[in-house]
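For reference, the structure is listed below as structure tokens.
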Amino acid sequence: MPDSRAQVLAVVNELADCTLAAEIVPLPKQWRSDDYLLFWLDPRVAEAEAERRTRRAISRWYDQHCGWRTGRIPVSETESIGADVRESLKGELEVFRSRLLQEYRTGGTVTEFSPDEMALVERWL
């Protein structure tokens, strides 16, 4: 049986009103960049992580390409960086999903998985 936290997050993620969703279940103030379980449970956190990674990648691009000169990153480059970051995060999430399902299918017992992990496995199966 899925844990109530996962059920609440699933309902919150279906709300069209982002402000109401944030009042019901506020976004965490911090998370690890590899907290894939949290990203799957709360896509708002995954989106915030993608934005954080994009800002960091744009900053690195600026440092490498602009250096001491003043300049702007072309819009096309910014969009490309954002798309690459999102694609990379999506790939990381799929690897996590595959690994979790594989562990479950190859003999992982229910007691070895957290309630949140079980909620995801049940959703994916």
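So if each residue of separation counts as 0.36 nm, and I subtract the Cα-Cα distance between Leu38 and Arg55, what length gain in nm does that give? Intermediate values should be presented prior to the final figure.
Values: separation 17, 0.36 × 17 = 6.12 nm, distance 2.05 nm.
Full-extension gain reported as 4.1 nm.
Secondary-structure-derived ellipticity at 222 nm for the chain, considering helices only, amounts to -23000 deg cm²/dmol, per-run term -39500 (n - 2.57) for DSSP H runs with n ≥ 4. FRET efficiency for Glu23 and Arg72, Cβ-Cβ distance as r, R0 = 35 Å, nearest 0.05? For Glu23 and Arg72, the calculated efficiency is 0.40.
Quick one: putting +1 on the C-beta of Lys and Arg, -1 on the C-beta of Asp and Glu, what dipole do you get for the stretch 4-124 around its Cα centre, in Debye to the nearest 20? Each step should come with its number before you reach the end.
Values: 17 positive and 21 negative charges, 92 e Å.
Dipole magnitude for the stretch 4-124 comes out near 440 debye.
Over all Cα atoms in the chain, the spread is summed up by Rg and Dmax: 18.0, 58 Å. The distance between label points at Ala10 and Ser114 comes to 1.8 nm (points 7 Å beyond Cα on the Cα→Cβ vector).
Taking trypsin sites (Lys or Arg not before Pro) as exposed when DSSP calls them loop and at most 14 other C-beta atoms lie within 10 angstrom, the chain has its longest site-free stretch at 73-125.
No value in this document is a laboratory result; all are computed from the given coordinates. Here the structure is a predicted model, which means the values were calculated and not measured. So basically every Cβ, Gly included, is an ideal-geometry build from the backbone, and we count neighbours across all protein chains shown.
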